[in-house]
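Engineer: This structure is in structure tokens; I'll ask about it shortly.
The values are calculated or read from the model by the stated rules, or taken from the named source; none is laboratory data. Here the structure is a predicted model, which means the values were calculated and not measured. Every residue, glycine among them, receives a Cβ derived from its backbone with ideal geometry; neighbour counts consider all protein chains shown.
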Amino acid sequence: DGGITQSPKYLFRKEGQNVTLSCEQNLNHDAMYWYRQDPGQGLRLIYYSQIVNDFQKGDIAEGYSVSREKKESFPLTVTSAQKNPTAFYLCASEGRANSGELFFGEGSRLTVL
Amino acid sequence: AQSVTQPDIHITVSEGASLELRCNYSYGATPYLFWYVQSPGQGLQLLLKYFSGDTLVQGIKGFEAEFKRSQSSFNLRKPSVHWSDAAEYFCAVGRNSGYALNFGKGTSLLVTP
């Protein structure tokens, strides 16, 4: 079945370590997004990519990095520079350009110990 | 910047009762508006969207929403709630740039027997 696959589902990290969250899609969508979700905060945009080899910062990009080397893949690295990385991370792709119709993965929960 | 406000953090309704979740937007022109639903520990799923035209839009799972420009609102409704509707509901608005969405902070729905 087509969809968005995020891994790992749960991840624990020690302070000072970088960690990479995987996001893969087989929907043939051009645009992909990373959101961060904290309790009571809704979703906040970290990075987005409209096309391969191109990406832009969202509202809270500091301490994060991404790459888009393949259409299917949009990994997110949470670096040690991110002050408060414990959160639920959601990856999404967009069905039609600028449609706002996002297809989400099941998320990755990162806990920093 | 475009934004949405969901005034209710938590809503409790009895199974079989009607439901209305509130969403107010801040945007000068006609906004692109969305409602998404999130089951616990999962990603989000699109319920319905409004771009233009008929101000009453139908979505999946028996939900509908009405765009009211005079009230800057896009409230979500369902005539009879089922226990499976218990979830977090997010209103979202499209951005000026056409890329990504701004999400509200969500309303958590509890359904009682």
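Engineer: When both residues are 6+ apart or on different chains and their Cβ atoms are under 6 Å apart, which pairs have a first residue that lies in region A:17-28 and is touching a residue at least 60 places away in the same chain (Cβ under 8 Å), and a second that is assigned to a loop (DSSP other than H, G, I, E, B) and among the β-branched types (Val, Ile, Thr)?
Structural biologist: Pairs that qualify, where the first residue is touching a residue at least 60 places away in the same chain (Cβ under 8 Å) and the partner is assigned to a loop (DSSP other than H, G, I, E, B) and among the β-branched types (Val, Ile, Thr), are A:18/A:79.
One line per residue, one yes/no per condition, for (1) more than 13 Å from chain A (Cβ to nearest Cβ); (2) farther than 28 Å from residue B:16 by Cα; (3) in contact with a Ser or Thr (Cβ under 7 Å, 6 or more places away or on another chain):
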residue	(1), (2), (3)
B:33	no, no, no
B:69	yes, yes, no
B:87	yes, no, yes
B:94	no, yes, no
B:100	no, yes, no
B:109	yes, no, no
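Engineer: Let me ask something else. Take the residues in region B:44-77 that are within 11 Å of the chain's Cα centre (by Cα) and over 21 Å from residue A:96 (Cβ atoms); name whichever of them is surrounded by the fewest Cβ atoms within 10 Å (Cβ to Cβ).
Structural biologist: B:77
Engineer: Would you mind stating whether residue B:13 is within 18 Å of residue B:86 (Cβ to Cβ), more than 14 Å from every other protein chain (Cβ to nearest Cβ), part of a strand (DSSP E or B) and not small (Gly, Ala, Ser)? Give the steps one after another, and end with the answer.
Structural biologist: Values: within 18 Å of residue B:86 (Cβ to Cβ): yes; more than 14 Å from every other protein chain (Cβ to nearest Cβ): yes; part of a strand (DSSP E or B): yes; not small (Gly, Ala, Ser): yes.
Criteria met by residue B:13.
Engineer: Follow-up. Can you pull out every residue in region A:93-108 that is within 12 Å of residue A:22 (Cα to Cα) and either surrounded by fewer than 22 Cβ atoms within 10 Å (Cβ to Cβ) or within 8 Å of chain B (Cβ to nearest Cβ) (or both)? It would help to see each step written out before you state the result.
Structural biologist: The first filter runs over region A:93-108 and keeps only residues within 12 Å of residue A:22 (Cα to Cα), leaving A:105-108.
The answer is A:105, A:106, A:107.
Engineer: Do we find a residue being over 16 Å from residue B:2 (Cβ atoms) and in a loop (DSSP other than H, G, I, E, B) anywhere in region B:93-106? Give the derivation first.
Structural biologist: First, pick out the residues of region B:93-106 that are over 16 Å from residue B:2 (Cβ atoms): B:106.
In the following step, the residues that additionally are in a loop (DSSP other than H, G, I, E, B) were identified as B:106.
Within region B:93-106 (the criterion being over 16 Å from residue B:2 (Cβ atoms) and in a loop (DSSP other than H, G, I, E, B)), the answer is yes, since at least one residue qualifies.
Engineer: Could you say which residue among B:108, B:84 is of a type in the set (S, T, N, Q) and touching a residue at least 40 places away in the same chain (Cβ under 8 Å)?
Structural biologist: On the way: B:84 fails: touching a residue at least 40 places away in the same chain (Cβ under 8 Å).
It is B:108.
Engineer: Another question, if that's okay. For region A:35-55, name all the residues that are touching a strand residue (DSSP E or B) at 6+ places or on another chain (Cβ under 7 Å) and within 15 Å of residue B:102 (Cβ to Cβ).
Structural biologist: A:35, A:36, A:37, A:42, A:43, A:44, A:45, A:46, A:48 - these are the residues of region A:35-55 that are touching a strand residue (DSSP E or B) at 6+ places or on another chain (Cβ under 7 Å) and within 15 Å of residue B:102 (Cβ to Cβ).
Engineer: If you take the residues in region A:37-81 that are hydrophobic (A, V, I, L, M, F, W, C) and surrounded by 21 or more Cβ atoms within 10 Å (Cβ to Cβ), which one is farthest from the other protein chains (Cβ to nearest Cβ)? Steps first, answer last, please.
Structural biologist: Keep residues of region A:37-81 that are hydrophobic (A, V, I, L, M, F, W, C), which gives A:43, A:45-46, A:51-52, A:55, A:60-61, A:66, A:74, A:76, A:78, A:81.
If we keep only those that are surrounded by 21 or more Cβ atoms within 10 Å (Cβ to Cβ) too, we end up with A:43, A:45-46, A:66, A:74, A:76, A:78.
Working: A:43: 4, A:45: 5, A:46: 10, A:66: 14, A:74: 13, A:76: 15, A:78: 18 Å.
For region A:37-81, the residue satisfying everything is A:78.
Engineer: In addition: Could you check region B:48-63 and list, in sequence order, the residues that are within 11 Å of chain A (Cβ to nearest Cβ) and at pLDDT 90 or above? Step through it out loud before you land on a result.
Structural biologist: Residues of region B:48-63 within 11 Å of chain A (Cβ to nearest Cβ): B:48-51.
Those that are within 11 Å of chain A (Cβ to nearest Cβ) and at pLDDT 90 or above: B:48, B:49, B:50.
Engineer: If you don't mind, there's one more thing I want to ask. Pick from region B:12-31 the residues that are surrounded by 17 or more Cβ atoms within 10 Å (Cβ to Cβ) and over 12 Å from the mean Cα position of the chain (by Cα): which of them is nearest to residue A:92 (Cα to Cα)?
Structural biologist: Out of the qualifying residues, it is B:31.
Engineer: Tell me which residues, restricted to region A:3-36, are within 11 Å of another protein chain (Cβ to nearest Cβ) and not in a strand (DSSP E or B).
Structural biologist: Listed by number, the residues that qualify are A:3, A:9, A:31.
Engineer: Let me ask something else. Can you tell me which residues in region B:16-62 are among the polar types (S, T, N, Q), in contact with a Gly (Cβ under 8 Å, 6 or more places away or on another chain) and not in a strand (DSSP E or B)?
Structural biologist: Looking only at region B:16-62, we keep the residues that are among the polar types (S, T, N, Q), and these are B:18, B:24, B:26, B:30, B:38-39, B:42, B:45, B:52, B:55, B:58.
The next check asks that each one be in contact with a Gly (Cβ under 8 Å, 6 or more places away or on another chain); those that pass are B:38, B:42.
Within region B:16-62, B:42 is the sole residue that qualifies.
Engineer: Out of curiosity, is residue A:56 more than 17 Å from residue B:38 (Cβ to Cβ), more than 12 Å from the chain's Cα centre (by Cα) and assigned to a strand (DSSP E or B)? Quick ask: steps written out before the conclusion?
Structural biologist: Numbers: more than 17 Å from residue B:38 (Cβ to Cβ): yes; more than 12 Å from the chain's Cα centre (by Cα): yes; assigned to a strand (DSSP E or B): yes.
Yes, satisfied.
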